[in-house]
Structures are given as structure tokens and as C-alpha cells.
1. Take the residues of region 77-115 that are assigned to a strand (DSSP E or B) and acidic (Asp, Glu): which is modelled with the lowest pLDDT?
2. List the residue pairs whose Cβ atoms are under 6 Å apart, where the first residue sits in region 125-154 and is within 19 Å of residue 217 (Cα to Cα), the second is open to solvent by 20 Å² or more (accessible area, probe 1.4 Å), and the two are 6 or more positions apart or on different chains.
3. Give the residues of region 125-155 that are in a loop (DSSP other than H, G, I, E, B) and either modelled with pLDDT of 95 or more or open to solvent by 40 Å² or more (accessible area, probe 1.4 Å) (or both), sorted by residue number.
4. Could you list, in sequence order, all residues of region 227-248 that are farther than 20 Å from residue 49 by Cβ and open to solvent by 50 Å² or more (accessible area, probe 1.4 Å)?
5. Give region 174-190 a look and list any residue that's open to solvent by less than 80 Å² (accessible area, probe 1.4 Å) and at pLDDT below 80, or say none.
6. Name the single residue that is surrounded by the fewest Cβ atoms within 10 Å (Cβ to Cβ) among those in region 260-290 being closer than 21 Å to residue 224 by Cα and at pLDDT below 90.
7. Where in region 247-290 are there strands (runs of 3 or more DSSP E), lying fully within it, with 1 or more residues that are of a type in the set (S, T, N, Q)?
Amino acid sequence: MILRAFVVGLCLLISGQVMSQISVGIRAGLNQATFSGPTDSSFNEEHGLNGGFHFGINVQYNLTDRVGFRSEIAYTQIGSSYSMFSPEGYYVFPLPEEPRFVLRDTSDIQMNFSNAYLQLPQTVHFSISEKLELFGGGYLGFLINPLATGTITFGGARSQADHRFRQGLNFNYFSDGDVNPFIGGTNELIRIIVANQDVDLLRTVNSQEFLDNGVTQSRFLSIDYGLIGGFAYYLNKGLYAMGRVEYGMRDITRNVADYSLTEVNDDGSLIFVNDQDRNVVFSLSLGFRF
């Protein structure tokens, strides 16, 4: 009887100590993100920052008063802006007699990518003082909603301007849409003249997917992973402001989506470049630890 009471008391003491070392928290805030990848300044190609938001719930286990491990599950919205202007761009037009007719003229592309991830960050936290905390670690992310909007403005530099047009882009990369980003859909059409033929193009393209060995695939890979670093400043015992940087370690775009936007083969087939596009995220959060 005495032994049983001793064991029960010891278990309660240990569990109480363990629980005192665990804290639960929430955080939410804003992201500024971009894709880190090669660009060509000769035709004003660049990736820029694009905004988003995040929300997370976390659990921290404190090894000591100054060191702890934190696990989190978070929804985060990241992406990039993209712009390109080339006086020698191209567009592949579908013609009845020649399905892949390539025309060269000025090409101006403006895009905003917004990819939503379910993310699992794992970090180690070091308290420098009562107010300041540094942390580092890694994350695993699962893509759940990749979107993009933008425009293509083509033509205008050549003496014949009948092929000039502006086309909207509204992509949901996980939808069952058209394989060719320039054909399909049911919305309003643009009629232009290409090689002395009337050609109808969609005013807005509603989806974009790619074929690889007969299989339709999204532009973006479903899994991302990378490194995390940052700091937290505690306004009081529970409330804190956090700044962090995430750097992706994986190329997030499929090779079938990495093709040149300024060069194309003579037969109209795409030239693939296999760029390494990685997520880079800067975020600010407000959080609370219970």
C-alpha cells in the first residue's frame, strides 16, 4: 500500500514537472515572399515580393529556462511577383493549317503567384534575455492551393499590328483545366490576324497545367522544405512580436514548367531550362504563449 502510494505520487510529480515545461502558443501575421531563381536582365526579367498571411498553433517543450524545442502547424500564403519584357519575345499560335505557328514581337508578362501551404516548422529557441529570443530550424510544407493571376501583352513593335492583343491569366494549378495555357475555356474571345488568318484567343485563360508523358501535372511540386531563422521580442510574459526568414531548399517547379519565355525551337517546341526556383519568405508575427 505504501509502495503504491509512493509510485502514484512519483508519477504525479514527474507529470507535473513535464507539464510545467510545456507551453502552447498561437501566432499570426503577414508574409512578403519571392522566388529565388535565375533571371535575365537583358530582357528585364525579375522576381519581386508578393504579400500573404500566416496563422499557426505551436507547442514548446522547455529543456531549461533558456532553451526549448517548438513544433508548429501553420497555414501560410507565399509566392512571388514576376515581370518580363522582351522586344524579341514569342507567342505560339494555334492555326488550322499549322498547329504551332511561332510569331515574334514584343512580349510583356506580369504575374503574381500565391501558393498556400500547410507547414510543419520545427525550431530550437534560445533566450538571450527576458525579452529577446533567437531561434532556428527547418520546415516541411505541403502545397494545398496554388494560384496565379496576371497578363500577357503581345505585339506592337512590328509594322503589322493586327496580331496585337492583351490576354488575362487566372490560373488554379490544381484544377482540371486546359493543358495548353493559350487555348480553351468558354469566356470572351479576342479575334486577331496571324499569317493572314483570323485567330480567336481567350481574353482570360482560366487554368494552366502541363503534360509529361501523357500525364497532366501542376506547375508546382506538392512538397517543399527548407531552413528557418529569426527572433522574438517579448512585450510581456506571454505576448511577443516575431520576425523570421524562411529559405527553401527544394526547386518548387516541375521541369516541364521551366521553359524559356524568349527563345523557342524552329518547330515551335519549347526550350527547357530547368531553373532552380526556391521559396524565400520574410514574415512578421504577433503571438501569445499560454
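The values are calculated or read from the model by the stated rules, or taken from the named source; none is laboratory data. On a predicted model such as this, the values are computed, not experimentally measured, just so you know. Neighbour counts run over all protein chains shown; Cβ positions are idealised from the backbone, glycine included. We work out accessible area using only protein heavy atoms, side chains counted, and drop any ligands, DNA or RNA first. Shrake-Rupley method; radii C 1.70, N 1.55, O 1.52, S 1.80 Å.
1. Here the answer is 88.
2. As it stands, the answer is 142/118; 143/222; 144/118; 147/114; 147/172; 149/112; 149/170, since those pairs meet every condition given.
3. Taking region 125-155 first, the residues in a loop (DSSP other than H, G, I, E, B) are 128-131, 155.
Within region 125-155, 128, 129, 130, 131 qualify.
4. Hits for region 227-248 are 231, 233, 235, 236, 237, 239.
5. Here is the first cut: in region 174-190, the ones open to solvent by less than 80 Å² (accessible area, probe 1.4 Å) are 175, 177-185, 187, 190.
Hits for region 174-190 are 175, 177, 178, 179, 180, 181, 182, 183, 184, 185, 187.
6. Top of the filtered list is 274.
7. Passing ranges, in order: 259-264, 278-289.
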